[in-house]
Amino acid sequence: MGVMPRKSGEIFIITSDRVAGELPSNRVPKRALFQVWTGHDWSATITDATTFTAVDVADEYIRANFARVMA
């Protein structure tokens, strides 16, 4: 599963190639869909995403919350 910050307009969000309901895998996703981090869980709805003002802030959030984001 890949997790990374992504620019969305003027803000940054955390995205993943994780597909809801599927176990994490090292394989390339079958679909070009991605999930967004809501601060509590992953969602397929982009408007649910937690937003960040800079890529460095989003990166630091991922590092600080690694266990939750990768669960």
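Points to keep in mind about this one:
- If only residues of the stretch 34-52 that are closer than 14 Å to G2 by Cβ and not aliphatic (A, V, I, L, M) are counted, the one that is modelled with the lowest pLDDT is F34.
- Summed over the stretch 34-71, the residues that are within 13 Å of D17 (Cα to Cα) and β-branched (V, I, T) give a count of 2.
- Leading residue by the ranking (farthest from the chain's Cα centre (by Cα)) among those in the stretch 41-63 that are exposed (fewer than 12 other Cβ atoms within 10 Å of the Cβ) and not in a loop (DSSP other than H, G, I, E, B): D56
- Residues of the stretch 11-33 that turn out to be within 9 Å of the chain's Cα centre (by Cα) and at pLDDT below 85, as a count: 2
The values are calculated or read from the model by the stated rules, or taken from the named source; none is laboratory data. In this text, all values refer to a predicted model and were calculated from it rather than measured experimentally. A quick note on method: Cβ atoms are made from the backbone with ideal geometry, for glycine too, and the neighbour counts reach across all protein chains shown.
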